[in-house]
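The values are calculated or read from the model by the stated rules, or taken from the named source; none is laboratory data. Keep in mind that this is a model prediction, so the values were computed, not measured. FYI the Cβ positions are ideal-geometry reconstructions off the backbone, even for glycines, and counts take in every protein chain you see.
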Amino acid sequence: MEIKLAKTAGFCFGVERAMQQVYEQIAKGNKIYTYGPIIHNEEVVKDLKSRGVEVIHSDEELSEITEGTVIIRSHGVPKEICEKIERQGLTCLDATCPFVKKIHRIVSEESAKGRDIVIIGNDKHPEVEGIKGWCETPAVVVESEEEAEKYTTNNPKGVCIVSQTTFNYNKFKDLVEIFLKKGYSISTVNTICNATEERQTEAREIAKAADVMIVIGDRHSSNTGKLYEICLQECKNTHFIQTLDDLNLELPKSIPCVGITAGASTPKNIIEEVQNYVRVNF
């Protein structure tokens, strides 16, 4: 049996950078909090908790903290949260992914010019919530073709469209096409990060060749969810797991090819465990 492991599987640049910053603070012995889980992976959050890192889940919880270092999650947060951390006299360490920070700058500048902001993505995702918090005016979030079709504006200054960094690239292009047909003055910035595009492309190609596809990542991870959707389109026998414990495969010994990919917040050790298990047992 052949095992095809995606070269792009595992931590992306932004996640690697955020994790490095957290571990540097742990080594210094500082009291550390993260505003929201630093990345979308329960196993990583559990490990950090065992090392004394606490997660702040709300503005109310932040208000109760009087000392220590607060690390901004890789997904970013609204501008007002950063300002509040500093007002409270806490040390603020920004681990927001640089690709997400770029979106913050774009929407801040474009909304200040009076343009409407449209964010293509999941309205409930923390990255999108953070992006909205850097707009000077309320932003509209669009995730489906139906929502794109319903969108209207009479703003003479036009519309600026950005995307959640982990959105499905092909779906993004389809939604932008709907906006363009409306005839508005539109400025479109493809803010899906290169790592996401590469990961999705590679996953699709592996899934096409695989008899069984395994996608590893946290259930709350947007980019892993998109990988699963893409792989399922190409390989009906696709499995979404968080750790090796979730892998309940009964494969015939003659299966020709198993493909494996993983989301941007999946640790290397979990990927290796799954790969080794499949190699030994099938």
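When residues in the range 29-64 are screened for being within 18 Å of GLY14 (Cα to Cα), among the charged types (D, E, K, R) and assigned to a loop (DSSP other than H, G, I, E, B), 0 of them pass. Quick one: GLU205 ticks every box in (1) surrounded by fewer than 16 Cβ atoms within 10 Å (Cβ to Cβ); (2) not in a helix (DSSP H, G or I); (3) not assigned by TED's automatic domain parsing to the domain that holds LYS132 except a single one, so which number is it? The one condition GLU205 does not meet is (2).
Residue count for the range 93-113 under the criterion of being farther than 20 Å from GLN21 by Cβ and part of a loop (DSSP other than H, G, I, E, B): the result is 1. Residue count for the range 65-92, restricted to those that are assigned to a loop (DSSP other than H, G, I, E, B), over 22 Å from THR266 (Cα atoms) and either in contact with a Gly (Cβ under 9 Å, 6 or more places away or on another chain) or assigned by TED's automatic domain parsing to the domain that holds ASP218 (or both): 4.
What are the residues in the range 215-262 that are exposed (fewer than 15 other Cβ atoms within 10 Å of the Cβ), touching a Phe, Trp or Tyr at 6+ places or on another chain (Cβ under 9 Å) and not in a loop (DSSP other than H, G, I, E, B), if any? Passing the criteria: only ASP246. Residues of the range 120-147 that are in a helix (DSSP H, G or I) and without any contact (Cβ under 8 Å) to a residue 40 or more places away in the chain: VAL128, GLU145, GLU146, GLU147.
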